[in-house]
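The values are calculated or read from the model by the stated rules, or taken from the named source; none is laboratory data. The shown structure was predicted, so the numbers you read here are calculated from the model rather than taken from an experiment. Neighbour counts are summed over all protein chains in view; Cβ atoms, including those assigned to glycine, are modelled from backbone coordinates with ideal geometry.
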Amino acid sequence: MSHKPVEPVRAPGVQLAVEGPILGVEDRYLVSGIITLAPDGLVPRHVHDGEEMLVVHSGSVELSWFADDGWSQVQTKTIGAGEGFRIPPHTVHWAKAGREGTLAVSTWVVLEGAPLRREVATPADVKG
């Protein structure tokens with residue numbers, strides 16, 4: 001299996017740390033990154049084609065997501081230091097750092113040829 005680097009994330013506060021193919025699984029890459037958000041910092045509405053796993057190291061983050069395809073049901077969860085959360089593929093989500101800011105690590109499963117993330121404005125943007 002040849003290794004194709006993941007397209008760099010063009011998002012403030014995200015620094016990719018480790019990335020590479022998932023051994024024994026075709027067309028999938030594992031990417032980990034450090035997320036640093038200023039107090040009350042915002043992460044715009046976006047989506048990933050693969051799963052995301054987020055662990056907050058310090059501070060907190062308020063994570064919101066659409067619980068349905070019609071974008072009418074919003075769920076929100078505050079994740080504090082030492083807590084984690086799994087975000088399923090194709091789940092439109094966004095976040096706001098707590099008043100103390102956020103330091104977190106996220107790990108994403110990335111499909112070969114797909115960007116790590118896509119910002120979305122309408123439901124039609126989700127499947128890219």
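Are there any pairs, at least 6 apart or on different chains, whose C-beta atoms fall under 6 Å, with the first in region 56-78 and more than 15 Å from residue 97 (Cα to Cα) and the second among the hydrophobic types (A, V, I, L, M, F, W, C), and if so, which? Close Cβ pairs satisfying both conditions: 66/92; 73/67; 75/65; 75/67. Applying a threshold of 8 Å to beta carbon distances and a minimum spacing of six or more residues, or different chains, the list of pairs starting in region 24-42 at a residue that is touching a residue at least 12 places away in the same chain (Cβ under 8 Å) and ending at one that is in a strand (DSSP E or B) and among the basic types (Lys, Arg) reads 39/99; 40/96; 40/99; 41/96; 42/96. The one condition from (1) more than 17 Å from residue 55 (Cβ to Cβ); (2) crowded, with 17+ Cβ neighbours inside 10 Å that residue 85 does not meet is (1).
A single member of 94, 71, 108 is more than 26 Å from residue 18 (Cα to Cα) and surrounded by 14 or more Cβ atoms within 10 Å (Cβ to Cβ), and it is 71. Yes or no: region 28-35 includes at least one residue that is of a type outside the set (A, V, I, L, M, F, W, C) and within 24 Å of residue 122 (Cα to Cα). Scanning region 28-35 turns up no residue that is of a type outside the set (A, V, I, L, M, F, W, C) and within 24 Å of residue 122 (Cα to Cα). Within region 1-27, the set of residues being at pLDDT 85 or above, surrounded by 12 or more Cβ atoms within 10 Å (Cβ to Cβ) and assigned to a loop (DSSP other than H, G, I, E, B) comprises 22, 27.
Screening residue 40 on (1) of a type in the set (Asp, Glu); (2) out of contact with any Ser or Thr (no Cβ under 7 Å at 6 or more places or on another chain); (3) closer than 21 Å to residue 120 by Cβ shows it passes everything except condition (3).
One residue stands out in region 43-55 among those that are modelled with pLDDT under 95 and under 21 Å from residue 98 (Cα atoms): the one that is surrounded by the most Cβ atoms within 10 Å (Cβ to Cβ), namely 43.
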